[in-house]
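Asks: If you scroll down you'll find the structure; I have some questions about it.
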Number of protein chains: 2
Amino acid sequence: MATRSREVRLKSRPVGMPMAENFEVAAVDLPDPGPGEILVRNSWMSVDPYMRGRMYDRPSYVPPFALGEALQGGAVGTVVKSNDPKFSPGDLVESMFGWREAFVAPAAAVTKLQNAGVPAQAYLGVLGMPGMTAYSGFHRIGEPKAGETVFVSGAGGAVGATVCQIAKIRGCTVVASAGSDQKTAWLRSVGVDATVNYKTAGNLLKAVQEAAPKGIDIYFDNVGGAHLEVALEVARPFARFIECGMISIYNATEPPPGPRNMSYIVGKRIRMQGFIVIDYIDMREQFYADMTQWVKEGRIKWEETIANGVENAPKAFFNLFTGGNSGKMLVKLD
Amino acid sequence: MATRSREVRLKSRPVGMPMAENFEVAAVDLPDPGPGEILVRNSWMSVDPYMRGRMYDRPSYVPPFALGEALQGGAVGTVVKSNDPKFSPGDLVESMFGWREAFVAPAAAVTKLQNAGVPAQAYLGVLGMPGMTAYSGFHRIGEPKAGETVFVSGAGGAVGATVCQIAKIRGCTVVASAGSDQKTAWLRSVGVDATVNYKTAGNLLKAVQEAAPKGIDIYFDNVGGAHLEVALEVARPFARFIECGMISIYNATEPPPGPRNMSYIVGKRIRMQGFIVIDYIDMREQFYADMTQWVKEGRIKWEETIANGVENAPKAFFNLFTGGNSGKMLVKLD
């Protein structure tokens, strides 16, 4: 008895900003699960900036998305049928089978979630990949010490907003940049010490210098570009730059100019390090333990922007690049 | 009884490439050393690229050179008179009182050298600051493993040439870039696996890709600019970039464009770290022990380019930026 599922496929590779025409929605009939397989109905799927990189046809740390096939990404859903003894109908699972309403897969390809009393979609946000990205990069590369000043760009997004709050928990002074007054107000409401709206700031360097008059010890970079140049300028000696993403240039059609002040890396002895969340998988247990506690204690909060229906997933994805999301961008699928 | 000494002073701050008119030679009469002081006659002085940074009037890790005063830098000389029990006439000493023929200073401001059977000027080269820079940066930031590929820019200079040979001792494959066929031939003669003459290579990226077909694991950066962009392009995942200097931009009068491919830092998880040799002073004993042995065993060789007389020190300094030196650039003072 087949199960109907709609999915979003990559129709053509975006050049510059992704557009509706690069995607198509298709319906498929899923077979019944075979031995060792399960059928899952997704409740939520995630759209994340890193997905833009997989839309290029180029070698990278993960293979590019294939044309004509369903996209992939984080999703949370419920087991409907199981041919594996470790799963029962009703189990909450996390998988990389996002961008579709339902799927059949080997049981080993999904992770059973302990429902720790938080909303299911939190496993795509603060308790999922974005939260783990924030937690692992900030601690492992940032090596924060109480009293230090942390600058976070893209702080209105899922990763950035979480970094800001972890930094406060670690006793740091936090300066955050985001693209709207609504986002900066929310960031201040969760304890961020000073904020910059980079869209209205005019001179970004001056704005960050005023927000962080003593300079910065840690820069958590989600955007690259002009923010990175400013961070090099205001960095204190021995600053650590956590290079998590460069959303400002993901859609660039020409190679964007790099920071004109790279020589500060030598003189200020800056350590600049890129990472991918899977590099720090050894921190997973500690992450879950700390983050679950912080969420329950109300020390980590989050915002969500929710789109409804798999057919609106591309639009939700575009929001990431236009600043249309506050906090975690999600698509509700049931 | 006064001692006559000629010295080179900074007359005006260079704009762009330093020129003769930025310097002046003056003669001074040194007083007899007071209690706890010594009189030293310099035999050799060093000119180094980092000195260009101190000619700007800007905050940095060391204060700028003052106009109208003698410049400073590494020097090796012999004690002539001593009013300190720890020093006797004839002792070989190293100091930062370069750019002058003789000086009087507190005994604590100089270091007595154990003459280990190497030429005195080696203490300004492989056994001095450049050698220690190569040794500490390569090991501490590079974390080399046998079998890895190391790319060294500015390899014709004192630091770069030493890095190449240490990397060979550590079992690495070494690719080096320098600015003349004479320099690249010398580098190959001491074991460098492949070389690029960046002045005649045409397409630098292509030349480095051919020299390092499997990519690079470590980049020791002495030059910045185009070389840094190329290194980002050919870097393998988890590459380490040792940011020692950026001589290509020290004389820039406009902010130079940065690398257009900075996003590789994220995707390739590159660690890029600046340093100053004094940060790693804890490695000094190990450096002296290893390097002295390597020099005696003939495993570390060096070239010297020698200018004669303190009045020619500015010209020797200019050579660093025009490629006029092979290996360590020295000025002989006696």
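Each reported figure results from applying straightforward, stated rules to the coordinates on display, with no laboratory input. What you see is a predicted model; the values in this text were computed from it and never measured. Reconstructed Cβ throughout: ideal geometry from the backbone, glycine too, with neighbour counts over all protein chains shown.
Asks: Apply the a/c threshold of 1.5 to the C-alpha gyration tensor of the range A:50-131 and tell me whether it is rounded, prolate or oblate. Working shown, then result.
Replies: On the way: a/c = 2.53, a/b = 1.52, b/c = 1.67.
It comes out oblate by the Cα gyration axes.
Asks: Give, rounded to the nearest 20 debye, the magnitude of the charge dipole that the protein assembly as shown has about its Cα centre when Lys and Arg contribute +1 at Cβ and Asp and Glu contribute -1 at Cβ.
Replies: Charge dipole, the protein assembly as shown, about its Cα centre: 60 debye, nearest 20.
Asks: Still on this structure, I have one more. Partner chain Cβ atoms within 10 Å, averaged over the residues of B:251-257 - can you pull that number for me?
Replies: 3
Asks: Arrange the peptides B:153-163, B:205-215 so that the one whose residues have, on average, the most other Cβ atoms within 10 Å appears first.
Replies: B:153-163, B:205-215
Asks: Going by a ≥ b ≥ c, the root eigenvalues of the Cα gyration tensor, does the protein assembly as shown fall in the rounded group (a/c under 1.5), the prolate group (a/b larger than b/c) or the oblate group?
Replies: Verdict is prolate for the protein assembly as shown.
Asks: Using the Kirkwood formula over every pair of different C-alpha atoms, what hydrodynamic radius in Å results for the range B:267-328?
Replies: Taking the inverse mean of 1/r over all distinct Cα pairs, the range B:267-328 comes out at 15.3 Å.
Asks: Work through the residues other than residue B:87 whose Cβ is under 14 Å from its Cβ and net out their charges, Lys, Arg +1 and Asp, Glu -1. Could the numbers behind the result be given before it?
Replies: Values: positive: B:41, B:81, B:86, B:112; negative: B:37, B:84, B:91, B:94.
Its environment carries a net charge of 0.
Asks: Okay, moving on. Could you list the square roots of 5 times each eigenvalue of the Cα gyration tensor of the range B:173-232, that is, the equivalent ellipsoid semi-axes, sorted largest first and rounded to whole Å?
Replies: Equivalent ellipsoid semi-axes, largest first: 16, 13, 11 Å.
Asks: Around residue B:228, with a cut-off of 11 angstrom between Cβ atoms, what is the net charge of the other residues, counting Lys and Arg +1 and Asp and Glu -1?
Replies: Residues close to residue B:228 contribute a combined charge of -3.
Asks: Also, quick follow-up: Can you give the Rg/Rh ratio of chain A, where Rg is from the C-alpha atoms and Rh is the Kirkwood radius?
Replies: 0.98
Asks: Antiparallel versus total DSSP beta bridges in the range B:129-279: what percent is that, nearest 5?
Replies: Expressed as a percentage, antiparallel bridges in the range B:129-279 total about 0.
Asks: Considering only C-alpha atoms, what is the centroid distance from the range A:119-153 to the range A:262-331, in Å?
Replies: Rounded to whole Å, the Cα centres lie 7 Å apart.
Asks: Then there is this: As a test, work out the antiparallel percent of DSSP beta bridges whose residues both lie in chain B, rounded to the nearest 5.
Replies: Antiparallel: roughly 55 percent of the beta bridges in chain B.
Asks: Excluding residues fewer than 8 places away in the same chain, name every one of the lysines whose C-alpha is closer than 28 Å to that of residue A:112.
Replies: A:81, A:86, A:296, A:301, A:328, A:332
Asks: Take peptides B:49-56, B:73-80, B:253-260 and line them up by average Cβ neighbours within 10 Å, highest first, as a rough protection proxy.
Replies: Working: B:49-56: 19.6, B:73-80: 23.1, B:253-260: 15.5.
Highest to lowest by the protection proxy: B:73-80, B:49-56, B:253-260.
Asks: Evaluate peptide B:321-329: per residue, the Cβ atoms of other protein chains within 10 Å of its Cβ; return the mean as an integer.
Replies: So the per-residue partner count for this stretch is 0.
Asks: I would also like to ask the following. In the range B:129-279, what is the count of Lys pairs whose alpha carbons are under 21 Å apart, counting only pairs at least 8 residues apart or on separate chains?
Replies: Lysine pairs meeting the criterion: 10.
Asks: In the range A:254-319, with Lys and Arg counted as +1 and Asp and Glu as -1 at Cβ, which of these residues, A:274, A:318, A:307, has the Cα nearest the positive end of the dipole, that is, farthest along it?
Replies: A:274
Asks: Next question. How far is residue A:334 from itself in the other copies, in nm, if each label sits 7 Å out from Cα along the Cα-Cβ line, shortest first?
Replies: Label-point separations across copies, in nm and ascending: 8.8.
Asks: Placing a label point 7 Å from Cα toward Cβ, how far apart in nm is residue B:58 from its equivalents in the other copies, listed shortest first to one decimal?
Replies: 3.0
Asks: For Cα pairs less than 8 Å apart in space and 6+ apart in sequence, what is the mean separation divided by the residue count of chain B, i.e. the relative contact order in percent?
Replies: Taking the mean separation of contacting Cα pairs over the length of chain B, I get 18 percent.
Asks: Mean separation of Cα pairs under 8 Å and 6+ residues apart, divided by the residue count of the range B:129-279: what relative contact order is that in percent?
Replies: 22 percent
Asks: Return the percentage of antiparallel bridges among DSSP beta bridges fully within the protein assembly as shown, rounded to the nearest 5 %.
Replies: If I count the DSSP bridges inside the protein assembly as shown, around 55 percent turn out antiparallel.
Asks: Expressed in nm², what is the orientationally averaged projection area of the convex hull enclosing the Cα positions of the range A:129-279?
Replies: Convex hull of Cα atoms, orientation-averaged projection: 8.4 nm².
Asks: Using the Cα gyration tensor of the range A:227-317, with a ≥ b ≥ c the square roots of its eigenvalues, what is the shape: rounded (a/c below 1.5), prolate (a/b larger than b/c) or oblate (neither)?
Replies: oblate
Asks: Taking the Cα centre of chain B as origin, sum charge times position over the Cβ atoms of Lys and Arg (+1) and Asp and Glu (-1), and report the length of that vector in debye to the nearest 20. Spell out each step's value before the answer.
Replies: Numbers: 35 positive and 33 negative charges, 142 e Å.
For this selection, approximately 680 debye.
Asks: Mind checking which of B:97, B:149, B:83 is farthest towards the positive end of chain B's charge dipole, using Cβ charges of +1 (Lys, Arg) and -1 (Asp, Glu) about the Cα centre?
Replies: The residue sitting farthest along the positive end of the dipole is B:149.
Asks: Right, another one. If the label for residue A:226 sits 7 angstrom from Cα along the Cα-to-Cβ line, what are its distances to the same label in every other copy, in nm to one decimal, shortest first?
Replies: Ordered by increasing distance: 3.0 nm.
Asks: Look at the axis of the rotation that sends chain A onto chain B, then give the chain A residue with the nearest Cβ and the distance in whole Å.
Replies: A:258, 1
Asks: Treat every Asp and Glu Cβ in the range A:182-334 as -1 and every Lys and Arg Cβ as +1, leave all other atoms uncharged, and give the resulting dipole magnitude about the Cα centre to the nearest 20 debye.
Replies: I would put it at about 440 debye.
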